Amino acid sequence: MQKGLTRERVVAAALELVDDGGLGALSMRKVAAGLGVEAMSLYRHVKNKGDLLDALHEHLIGQVSSDGLTGPWPDQVTSLARRFRAVLFAHPACVPLLATRAATTPQALAVVEAGIAVLEAEGWPADDAIDAFQTVFCFVVGHAVFHTAGGQLPDDVLARREFEAGLALLVAGLEAQGRTAR
């Protein structure tokens with residue numbers, strides 16, 4: 001094992017590969033080559049490619065910080081959605097991964113749980129809070145998928161305006177639904 005090889009370094013190398021060449025460019029062999037090790041060295045840190053994809057998913061979701069959320073729940077949920085969008089724009093080639101792979105790791109689930117907790121703190125029943133937060137995250141991913149072209153997300157005025165308008169409508173609908181459900 002190369003000294004200093006860690007799961008975090010393996011994930012960082014995988015992210016760099018995907019950022020540069022898309023998800024199709026990701027292989028254990030290429031990750032290992034980027035780290036200057038043999039592919040077998042990676043298996044001390046990830047079980048297989050599926051585990052590496054889960055780790056990459058976790059790393060990306062983990063970049064969506066729930067720190068510093070204040071104000072009414074609509075503001076907090078809107079802030080989380082914007083933070084998630086920023087992660088997607090920073091790593092557009094990873095959008096398909098986030099669109100097709102569920103959050104299963106503790107760090108990824110912690111972000112989801114933080115969003116759900118915002119709603120539960122306002123009196124939303126657990127099932128309604130889960131559905132609402134999942135709907136917001138699906139909107140963010142769906143918007144990113146729609147705007148993905150050749151691995152690039154156009155962060156132009158139109159895309160931002162569409163995102164903000166759609167998010168505002170979604171949150172307003174959730175707010176109205178939440179009032180009638182509680």
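The table below gives the values:
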{"item": "Residue satisfying condition, being exposed (fewer than 13 other Cβ atoms within 10 Å of the Cβ), small (Gly, Ala, Ser) and closer than 29 Å to Ala55 by Cα, within set Ala132, Ala168, Ala102", "result": "Ala102"}
{"item": "Pairs with Cβ under 6 Å, 6+ apart, first in the stretch 110-121 and assigned by TED's automatic domain parsing to the domain that holds Ser79 and without any contact (Cβ under 8 Å) to a residue 12 or more places away in the chain, second crowded, with 17+ Cβ neighbours inside 10 Å and among the hydrophobic types (A, V, I, L, M, F, W, C)", "result": "Glu120/Ala129"}
{"item": "Some residue of the stretch 124-138 being in contact (Cβ under 8 Å) with a residue 60 or more places away in the chain and not polar (S, T, N, Q)", "result": "no"}
{"item": "Residue among Ala81, Ala12 that alone is at pLDDT 95 or above, surrounded by 21 or more Cβ atoms within 10 Å (Cβ to Cβ), within 30 Å of Phe133 (Cα to Cα) and not charged (D, E, K, R)", "result": "Ala81"}
{"item": "Criterion: out of contact with any Phe, Trp or Tyr (no Cβ under 9 Å at 6 or more places or on another chain), at pLDDT 90 or above and not aliphatic (A, V, I, L, M) - qualifying residue of Thr148, Thr135, Thr180", "result": "Thr135"}
{"item": "Residue match in the stretch 59-66 (condition: modelled with pLDDT of 95 or more, part of a helix (DSSP H, G or I) and of a type in the set (Gly, Ala, Ser))", "result": "no"}
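The values are calculated or read from the model by the stated rules, or taken from the named source; none is laboratory data. Note that this is a predicted model, so its numbers are computed, not measured. Note that each Cβ is placed from the backbone with ideal geometry, even for glycine, and that neighbours are counted across all protein chains shown.
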